[in-house]
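No value in this document is a laboratory result; all are computed from the given coordinates. This is a predicted model, so every value here is computed, not measured. Neighbour counts run over all protein chains shown; Cβ positions are idealised from the backbone, glycine included.
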Amino acid sequence: MTTNVLILCTHNSARSVLSEGMLNHWAQKLGKDVRAFSAGSAPSGRINPFALEALANVGIDTAGYRSKSWDEFTQDDAPQMRIVITVCDSAAAETCPFWPGSPVKVHWGYADPSNAPGGDEGKRQAFELTRQAIGYRMLQLLELPMDSLSHAELQQALDNILQS
């Protein structure tokens, strides 16, 4: 059964998009039945071009990516999530909607690479470093035996990833 993962950031323009791309990329490469989605509480309506560039530079096709509201994932026809990950502190502090199925929730925060100093080159470097850090955590997530973990065990395992 597919493990659906929703990754949230306030604007759904950078960190959550990098996370969605990296998790889907690694899941496909490793043959894991995991599907990532991203959304925001207040979507910007556009994805940061540096996020798209960082993903494209490692061969990830970003066609069809868009900044979207987390409300899309509360609808009756939305995929049921097993895991919800917040990747920015402001989204983690917000009151999330009710997620059908009571998914495991975890916060894996990353600094906003769009605020990096150094002009475009500084931002490119920050986005690449953020993509790498996110990719590493997503690989750790994919190592988990998803089908055999209880809700509590999955929560503990995701919390442990944060500590590593």
Residues in region 40-62 reached by a label modelled at Gln125 [backbone nitrogen below 12 Å; 7 Å Cα→Cβ]: none
Contour minus Cα-Cα distance for Asp77 and Ala42 (0.36 nm per residue): 10.5 nm
Nearest-0.05 FRET efficiency for Tyr136 and Ala111, computed from C-beta distance (R0 22 Å): 0.90
Other-chain or far-sequence residues with amide H under 5 Å of Val84's (modelled H): Leu6, Val104, Lys105, Val106
Of the DSSP H helices in the chain, those whose Cα atoms cover at least 20 Å axially and whose Kyte score averages -0.5 or more: 15-30
Amide H within-cut-off set for Arg35, under 5 Å, with H built and near neighbours excluded: Thr3, Asn4, Val5
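In nm, what is the difference between 0.36 nm times the number of residues separating Asp61 and Thr2 and their Cα-Cα distance?
Details: separation 59, 0.36 × 59 = 21.24 nm, distance 2.11 nm.
Roughly 19.1 nm would be gained on extension.
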Global form of region 1-98, assessed from the alpha-carbon gyration tensor, a/c cut-off 1.5: oblate
Ranked packing of 71-81, 120-130, 18-28, most packed first, by mean Cβ within 10 Å: 18-28, 120-130, 71-81
